[in-house]
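Just below is one structure, and these are the notes that go with it.
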Amino acid sequence: MSALNHIAEEYILLSHRLDKHHHGLVDAHYGKSSELKIAVDAEPVRPLDALHTDTERLLNALNGDESERANYLRKQLVALKTIIEKKQHKPISYREEARLCYGISTIDYANECEFTELITEIDERLRAERLGNGSLPERFTQWREQFELKGDELMNFIQASMMFAKAKTQSLFPLPENSVEVSLVREKPWAGYHWYRGNYQSLYELNIDVPTTIWGVLHTTTHEAFCGHHTEAIVKESELVRKQGLIEFSMNLLGAPCSTVSEGLAEAANYIIFGETPAVIEWLRAHEALHQRKISDNDARLIELIEELGRKPVVNAALLMYDENETDDAVFAYLRQYLPSEDALIRRTVSRLRDDDFRAYMLTYPIGKAMIMDELYRSDNPAQTFYNILKSVDYHFNAVEN
């Protein structure tokens, strides 16, 4: 066994052992990683101090090796070391956690003037809809509900849009034969989730407690399936695990630098499949038979504004929570200014930011997307660049992070 293969195996064992202390760390596993997990499951829980020693030993073993594979393992191991040290109650700031665990070295406050302009126009356009004299969230919810899908109508839309996205993805990238199962779920902290099962098969769960608008479901479907998480997983299994024998990619971690790249790719998937937001709207209009919702020009502009606002205020909210030690109520009040959604959805966001184990994970969506989109905008062939990132061992970004 080569030195790097041995380190990769030890990295997988370490991750499964740490998952017993930090549940959810190992998000997916198959092949060699699943085999090693069986062994770890039979072990007693390994103390954090011993895991810290193991991590430092593996990092020392990588000294002097600047190959892409070694650099990937090094970054992932630094993240694991940081998670262990947090569990050992070592004081680690939010910004340090973002840097060490997610590879995000710069987090800047976004311009609130942009948020204000977007919310003001949303308010004005909702007034044009003549939805009554309720608050902005009330009027927004009333407008949004007319575009939400339920039951069989929702499932049929998911299947049809996923079939379209799969065909488009297969026209762009060489993919192995693969499949995605879809399930509707409730009582989850996320809107959608991708569970990779290995052998080019995935489960895509959509949380129907979250508003299921036609554009939101379309985004979640491309994010979780084609050409987002599922596509990344099958490409990595095919190109890295099976062809190159890089067993470390038979496992996916949450809370490591790979998460920032993965969420960035998934957030950019809609762009690869459809293009910018106006092109998404045109696709929805052209496929009205799938959802039976008419989109006026005012509706179209509202969708554009919502997509432009996106998750950007969440970055500022995170910095208020951790840089300025604001309370949950103060962070909620801040988000309430800039997000038109109802209170319950905003409180879900605050709760996710307060989750000590994954508090910085929310940054991976806006910052990861910015990193990926900057690469795509620079490229003469965005689809090829996207595919290169999908199958890379350790992609070197040219983009600024925020």
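Ranking Ser93, Tyr193, Gly132 by how far each Cα lies toward the positive end of the dipole of the chain (charges on Cβ) leaves Tyr193 at the top. Cross-link partners for Lys20 among the lysines, with Cα-Cα distance under 16 Å and sequence neighbours closer than 8 places in the same chain left out: Lys37, Lys81, Lys86, Lys87.
The residue list Ala79, Ala318, Tyr338 was ranked by how far each Cα lies along the charge dipole of the chain toward its positive end, using unit charges on Cβ atoms, and Ala79 comes out on top.
Gain on full extension, evaluated as 0.36 nm per residue between Glu276 and Asn60 minus their Cα-Cα distance, stands at 73.3 nm. Grab every C-alpha pair in the stretch 3-92, bin the distances at 10 angstrom width from 0 up to the longest one, and report whole percents. Histogramming the stretch 3-92 at 10 Å steps yields 16, 51, 30, 3 percent. Using the average count of surrounding beta-carbon atoms within 10 Å as a protection proxy, the listed peptides 140-153, 66-79 rank, highest first, as 66-79, 140-153.
For Arg293, no residue 5 or more places off, or on another chain, has a built amide H under 5 Å of its own. The residue list Phe274, Val393, Gly368 was ranked by how far each Cα lies along the charge dipole of the chain toward its positive end, using unit charges on Cβ atoms, and Val393 comes out on top. Charges were assigned to the Cβ only: +1 to each Lys and Arg, -1 to each Asp and Glu. The resulting dipole of the stretch 112-310 about its Cα centre is roughly 620 debye. Here, the stretch 274-366 is characterised by an Rg to Rh ratio of 1.09, where Rg is the alpha-carbon radius of gyration and Rh the Kirkwood radius.
For Ala28, the residues whose amide H sits under 5 Å from its own are Asn252, ignoring neighbours fewer than 5 places away on the same chain, with H placed 1.01 Å from N. For the stretch 223-231, the Karplus equation 6.51 cos²θ - 1.76 cosθ + 1.60, evaluated at θ = phi - 60°, returns couplings of 4, 7, 10, 10, 10, x, 4, 4, 5 Hz by residue, with Gly and Pro reported as x. Placing pseudo-labels 7 Å out from each Cα toward the beta carbon at Ile38 and Ser179 gives an inter-label distance of 2.3 nm. On full extension, the segment bounded by Arg186 and Ala3 gains 61.4 nm, given 0.36 nm per residue less the C-alpha separation. In summary, the aspartates and glutamates within cross-link reach of Lys188, defined as a Cα separation below 15 angstrom excluding same-chain residues under 8 places away, comprise Glu205, Asp209, Asp355. Placing unit charges on the Cβ atoms only, positive for Lys and Arg and negative for Asp and Glu, gives the chain a dipole magnitude near 700 debye about its Cα centre. Couplings 3J(HN,Hα) of the stretch 57-68, computed from phi: 4, 5, 5, 5, 5, 8, 4, x, 9, 10, 5, 4 Hz, in residue order, whole Hz [Karplus 6.51 cos²θ - 1.76 cosθ + 1.60, θ = phi - 60°; x for Gly and Pro].
Which entry in (1) 62, 52, 45; (2) 68, 51, 47; (3) 68, 49, 41 matches Cα extents along the principal axes in Å derived from the coordinates of this structure? Of the listed options (1) 62, 52, 45; (2) 68, 51, 47; (3) 68, 49, 41, (3) comes from this structure.
Couplings 3J(HN,Hα) of the stretch 40-53, computed from phi: 5, 4, 7, 7, x, 4, 7, x, 4, 4, 5, 5, 5, 4 Hz, in residue order, whole Hz [Karplus 6.51 cos²θ - 1.76 cosθ + 1.60, θ = phi - 60°; x for Gly and Pro]. Across the chain, the relative contact order, built from alpha-carbon pairs under 8 Å that are at least six residues apart, equals 22 percent. Note on the stretch 112-310: Cα Rg divided by 2.2 N^0.38 Å, N the number of residues, gives 1.11. Can you list residues from other chains, or at least 5 along the same chain, whose modelled amide H is less than 5 Å from the amide H of Val182? For Val182, the qualifying residues are Tyr204. With the simple spin-label model, which puts each label point 7 Å out from Cα in the Cβ direction, the Asp328 to Asn298 separation comes to 3.8 nm.
This model, with +1 at the C-beta of Lys and Arg and -1 at the C-beta of Asp and Glu, gives the stretch 60-102 a dipole about its Cα centre of some 220 debye. Put simply, the stretch 63-181 fits an ellipsoid with semi-axes of 41, 29, 15 Å; these come from the alpha carbon gyration tensor as the roots of five times its eigenvalues, largest first.
We did not get these values from a lab; they are worked out from the coordinates using the rules stated. Since the model is a prediction, treat every value here as computed from it, not as a measurement. Every residue, glycine among them, receives a Cβ derived from its backbone with ideal geometry; neighbour counts consider all protein chains shown.
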